[in-house]
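A quick write-up on the structure given underneath.
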Amino acid sequence: MSEQLVLLQGDITEQSVDAIVNAANEELVGGGGVDEAIHRAGGPAISAECERLRSQQGGCPTGSAVMTTGGQMNVKAVIHTAGPVWDGGEAGEPESLEACYRNSMELARRHGLRTVAFPSISTGVYGYPVNEAAERALKTVKAMLAKHPESYDEVRFVLFSDDDLATYKKALDRIG
């Protein structure tokens, strides 16, 4: 399984994978950080599909996942998931964060998307502590890989900063 899970530093919009995951907001309107970068790199097709999803189902509740085209990026799809806003960890944030990763991977599996790239969800403006988020994210993804090993070729965590990459590597060493 370890060869299925990759940690790297880089720009998620430049990955050549089946799907990249967007740390979106519940309204699916391009925000800041990775969300802004994905909307910019993917072009207007992503925003148009997000608008359609908003009108059809009202957006993307925290912990859920929806899918759009990859637009102009070298991906088949963008999976949008709305992570929790950190409020100290006692308001269901850990469970919501796990749901983001689990539901994104399940959506990819159902659509035959075998290579998936994740950012560090909720650790930017949503304030989730990176060290806690990393451990939850990695445990959740590893559990999904163990449950459906035949469904994924590779799951990448594409971390924007060297510090985040180091934090994820330490978390992966801790959980094994």
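Laboratory data are not the source of any read-out in this text; all were calculated from the coordinates shown. Just so we're clear, the structure is a prediction, and the values are computed from it rather than from any experiment. For neighbour counting, all protein chains shown are included, and Cβ atoms are generated from backbone atoms with ideal geometry for every residue, glycine included.
Quick notes
- Gain in span if fully extended, Glu106 to Lys170, counting 0.36 nm per residue against the direct Cα distance: 20.4 nm
- As a rough guide to protection, the peptides 147-157, 28-38 ranked by mean Cβ packing within 10 Å, highest first, stand as 28-38, 147-157.
- Contact order normalised by residue count of the chain, Cα under 8 Å, 6+ apart, percent: 30 percent
- At the listed q of 0.20 Å⁻¹, the Debye profile of segment 101-168, built from one uniform point per Cα, gives log10 I(q)/I(0) equal to -0.80.
- Distribution of pairwise C-alpha distances over the chain, 5 Å bins, in %: 1, 9, 19, 23, 23, 15, 7, 1, 0
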